[in-house]
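Notes for the one structure printed next.
Any read-out appearing in this document is the output of simple, stated calculations on the displayed coordinates, not a laboratory observation. Everything quoted here is computed from the prediction, not taken from an experiment. All Cβ positions, glycine included, derive from the backbone under ideal geometry; neighbour counts span all protein chains shown.
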Amino acid sequence: MVPMSDDESKVVVVSGGTDGMGRATALARLAHGDHVTVIGSNEAKGRALEAEARRRESPGRLRFVRADLSVVAENRRVAALVADTTPVVDALLLFANRPRPHRVETTDGFEYTFALYYLSRHLLGEELRPLLEAAHRPVIVSVAGVGVTAGAIHWDDPQLTRGYGPVKAQLQAGRANDLLGVSYAERYGGVVPYVMYHPGFTRSGDLSTLPAPARWVIRVLGAVAARPVARSAAPVVDWVDAPPRDALTAIDRGRRLPSTLKTLDPADARRLAAMTADLLSRLSTGGPVIHRRPRPCWTHRARRT
């Protein structure tokens, strides 16, 4: 994939781009004449997206890369693949997320939601940063739950080995993505603006991992209360052409959020960055990712008389 020579063409990377808003954004940017790399784990959906791009005879080119972004090495492989095919990335658009009703541990030892929803965004932003910095007006857009204040980082148990719940996992990763944006902007925002965007309830995303009753409820609610995918994706499509000038922009359903929001605390952002670096360092050296509390062990149990 070689970027077009004219200034209007962009090189765009979309994680989680085979469903919902990610898919809509990828096709919209393709129609602008961009070169779009879509990362997803579902081969059939990826090939269907490529076929749809050909059917539309869009002026740009779309490429699907199959990858499991819950795995650290896969994020690095994808970034290396992108770097092998283009000298710049104009926009990194982060949508990847998939709720899990039960706790799943990745091959790296991370809780799945933490790995896919948060850690993959950290890794792609870091690995692709040199290509973003080489672009004329780059931007990262992370579509998550900024503006939501429920949930927290469980600093003593970020992999949720105790008391896992799908909502708890989603909220923790959402708050981690808030802090990721703050941390990235603090370090690199002068060159690569970071946008955190919460579109609100949208008919979007892959629900296949949820139980049938939950899927039914979400679809019913979506039919009457959710925003259309194209409407929610529209700001993301526009930011590729006109990135905000500020190092960090946080938008919750059209409303700009102040940097003083408690979930955007710079000290917590630095703490999370340090914790993440430590987790990845342990992984690279073969150490345990998860510190499990030892269970009590008794060599003698007193009998009641």
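Residues of the stretch 45-84 that are in contact with a strand residue (DSSP E or B) (Cβ under 8 Å, 6 or more places away or on another chain) and either part of a helix (DSSP H, G or I) or among the β-branched types (Val, Ile, Thr) (or both): Gly46, Arg47, Leu49, Glu50, Ala53, Val65, Val78, Leu81, Val82. The residues in the stretch 119-148 that are part of a helix (DSSP H, G or I) and within 19 Å of His198 (Cβ to Cβ) can be counted, and the count is 4.
A Cβ distance below 8 Å, combined with a sequence gap of six or more or placement on separate chains, defines the contacts here; from the stretch 149-164, residues that are in contact (Cβ under 8 Å) with a residue 40 or more places away in the chain and assigned to a loop (DSSP other than H, G, I, E, B) reach residues that are surrounded by 13 or more Cβ atoms within 10 Å (Cβ to Cβ) and of a type in the set (Phe, Trp, Tyr) in the pairs Pro158/Phe114; Gln159/Phe110; Gln159/Phe114; Leu160/Phe114.
Looking at the stretch 168-175, can you tell me whether even one residue there is touching a strand residue (DSSP E or B) at 6+ places or on another chain (Cβ under 8 Å) and not β-branched (Val, Ile, Thr)? Taking every residue of the stretch 168-175 in turn, at least one turns out to be touching a strand residue (DSSP E or B) at 6+ places or on another chain (Cβ under 8 Å) and not β-branched (Val, Ile, Thr).
Within the stretch 51-61, does at least one residue satisfy the condition of being within 13 Å of Ser15 (Cβ to Cβ), in contact (Cβ under 8 Å) with a residue 24 or more places away in the chain and surrounded by fewer than 21 Cβ atoms within 10 Å (Cβ to Cβ)? Don't jump to the end; show me each part of the working.
Step one: list which residues in the stretch 51-61 are within 13 Å of Ser15 (Cβ to Cβ), which gives none.
Scanning the stretch 51-61, I find no residue that is within 13 Å of Ser15 (Cβ to Cβ), in contact (Cβ under 8 Å) with a residue 24 or more places away in the chain and surrounded by fewer than 21 Cβ atoms within 10 Å (Cβ to Cβ), so the answer is no.
Only one of the numbered conditions (1) part of a loop (DSSP other than H, G, I, E, B); (2) free of Cβ contacts under 8 Å to residues at least 12 places away in the same chain is not met by Arg187, and that is (1).
From Asp34, Asp90, grab the single residue that is crowded, with 22+ Cβ neighbours inside 10 Å, over 30 Å from Gln170 (Cα atoms) and touching a residue at least 40 places away in the same chain (Cβ under 8 Å).
On the way: Asp90 fails: over 30 Å from Gln170 (Cα atoms).
That would be Asp34, the only listed residue that is crowded, with 22+ Cβ neighbours inside 10 Å, over 30 Å from Gln170 (Cα atoms) and touching a residue at least 40 places away in the same chain (Cβ under 8 Å).
Checking the stated criteria, Val104 turns out not to satisfy the condition of being touching a His at 6+ places or on another chain (Cβ under 9 Å) and among the hydrophobic types (A, V, I, L, M, F, W, C).
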